[in-house]
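Reading through the structure tokens given below for one structure.
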Amino acid sequence: MSKTKCPICNSKADIGYYIEGRDRHFCRCNSCGEYYITEPTYKDFTKPEKHKDVRYILSRCIRKAFNEGKTLEISLANYQKIINSTVLP
Ligand SMILES: [Zn+2]
């Protein structure tokens, strides 16, 4: 695990490189909780000019799932779906 910043919300996070069949990162973020993120998605979200409108909401969706005992895997294919299917308080 290395100390760095969460690609989604930019809070302090531990990021570990984790391979299980395919390349993905495991992130433990102070704000989002714990989640997996695929390598292309990680690269895309580390560009600060991208995804500005969804970062905050996606962070809250991950946190909600984590609080419910689920560890989400975020990918470019599913992050919009996660946002759309999560009912936030
Ligand atoms: Zn985060």
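The values are calculated or read from the model by the stated rules, or taken from the named source; none is laboratory data. The structure displayed is predicted, hence computed values, not measured ones. Glycine also receives a Cβ, built like all others from the backbone with ideal geometry; neighbour counts cover every protein chain displayed.
Overview of results
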{"read-out": "Given (1) within 13 Å of the ligand (Cβ to nearest atom); (2) aliphatic (A, V, I, L, M); (3) at pLDDT 95 or above, number of the condition L76 does not satisfy", "value": "(1)"}
{"read-out": "Boolean, S31 is near the ligand (Cβ under 8 Å from one of its atoms) and either in contact (Cβ under 8 Å) with a residue 60 or more places away in the chain or in contact with a strand residue (DSSP E or B) (Cβ under 8 Å, 6 or more places away or on another chain) (or both)", "value": "no"}
